[in-house]
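Below is one structure, written out as structure tokens; comments come after it.
The values are calculated or read from the model by the stated rules, or taken from the named source; none is laboratory data. As the structure is a prediction and not an experimental result, all values here were calculated from the model. Cβ sites come from the backbone with ideal geometry, for glycine too, and all protein chains shown count toward neighbours. Note: areas computed on protein heavy atoms with side chains; ligands, DNA, RNA excluded. Shrake-Rupley method; radii C 1.70, N 1.55, O 1.52, S 1.80 Å.
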Amino acid sequence: MAQDTKTATPATAIGIDIGGTGMKGGIVDLKKGKLVGDRFRIPTPKPSTPEAVADVVGEIVDELMKRDEAPAPGTPIGAAFPAIIDDGVARSAANVDKSWIDADVDAIFTERLGREVHIINDADAAGLAEARYGAGKNVKGSVLAITLGTGIGSAMLFDGKLVPNFELGHLELDGHNAESRASASAREREDLPWDEYSKRLQRYFSHVEFLFSPKLFIIGGGISKRSEDFLPHLDLRTPVVVAELKNNAGIVGAALQAALHFKLVD
Ligand code: BGC
């Protein structure tokens, strides 16, 4: 008998992490917060309009649904994207194709796939996944997950619940948009040695700490692999840890938020 996706708790769901260069999807075990099987990647189309991206989301889902571990047909799909996402509608496009602004992404993806899709900001997805399964598990009060990549993403969790669209990468600091100075891509672009880059991170994190007094900072994004190069240089009263879900945080968080949104899990 087919699984009734509205009443049965699904064991797995599909999550897709849409980035500037690659789109990665995987089947997520919702109890463990881990991928079942390998992730599947397709380069992000150019231009990366919502419609072109929807087609690639469709290809990724088709591939994943052929696998033995695939969720029941019709189980909602989660996607993560680097923009402000307000009830499924994109409201910014800092480092992505401007055609996303005001696009009803949930509607476009849902129509293309013929099954429900729910989208979330990429850093929010990563933060949500860390709060439930990773470095922020069981932490009470406010936790700020900060991703350092092409931009700076941020997620605010309070008692494990997401406060969406924090966008702290765009704080103005010393007359600059913070992510233009302290993202991982700023370090690469300016070829900054780690001690110089760490000074920028120190300035950024101490300002964010002053504003929000979180109980914990979680640092994610590709750069978290190099944490030994910058963590020892940071002097903050807030504990700082590295994200545990690594490269899969976006996929796991995307699947989780869809399951939460459609009330498939609590
Ligand atoms: C965007 C955020 C995104 C972050 C990380 C920023 O430029 O404004 O929405 O979460 O980059 O990708």
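Taking the range 208-225, which residues are surrounded by fewer than 16 Cβ atoms within 10 Å (Cβ to Cβ) and touching a helix residue (DSSP H, G or I) at 6+ places or on another chain (Cβ under 8 Å)? Across the range 208-225, the qualifying residues are Gly222, Lys225.
Matching residues to (1) away from the ligand (no atom under 12 Å from the Cβ); (2) touching a Lys or Arg at 6+ places or on another chain (Cβ under 6 Å); (3) open to solvent by less than 30 Å² (accessible area, probe 1.4 Å):
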| residue | (1), (2), (3) |
| --- | --- |
| Glu63 | yes, no, no |
| Pro76 | yes, no, yes |
| Ala79 | yes, no, yes |
| Asp87 | yes, no, no |
| Ala94 | no, no, no |
| Trp100 | no, no, yes |
| Ile108 | yes, no, no |
| Gly114 | yes, no, no |
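Against the test of being over 16 Å from the mean Cα position of the chain (by Cα) and either closer than 20 Å to Phe212 by Cβ or in contact (Cβ under 8 Å) with a residue 12 or more places away in the chain (or both), the options Glu116, Glu167 yield a single qualifying residue, Glu116. Against the numbered list (1) modelled with pLDDT of 95 or more; (2) within 10 Å of the ligand (Cβ to nearest atom); (3) touching a strand residue (DSSP E or B) at 6+ places or on another chain (Cβ under 8 Å), Asp104 comes up short only at (2).
Could you list all residues from the range 181-197 that are open to solvent by 50 Å² or more (accessible area, probe 1.4 Å) and within 14 Å of the ligand (Cβ to nearest atom)? Don't jump to the end; show me each part of the working.
Filtering the range 181-197 down to residues open to solvent by 50 Å² or more (accessible area, probe 1.4 Å) leaves 181, 188-191, 193, 195-196.
Passing the criteria: only Arg181.
The set of residues in the range 9-29 that are hydrophobic (A, V, I, L, M, F, W, C) and not in a loop (DSSP other than H, G, I, E, B) comprises Ala13, Ile14, Ile16, Ile18, Met23, Ile27, Val28. Taking the criterion of being open to solvent by 10 Å² or more (accessible area, probe 1.4 Å) and either under 20 Å from Ile219 (Cβ atoms) or within 18 Å of the chain's Cα centre (by Cα) (or both), the residues of the range 251-265 that qualify are Gln257, Leu260, His261.
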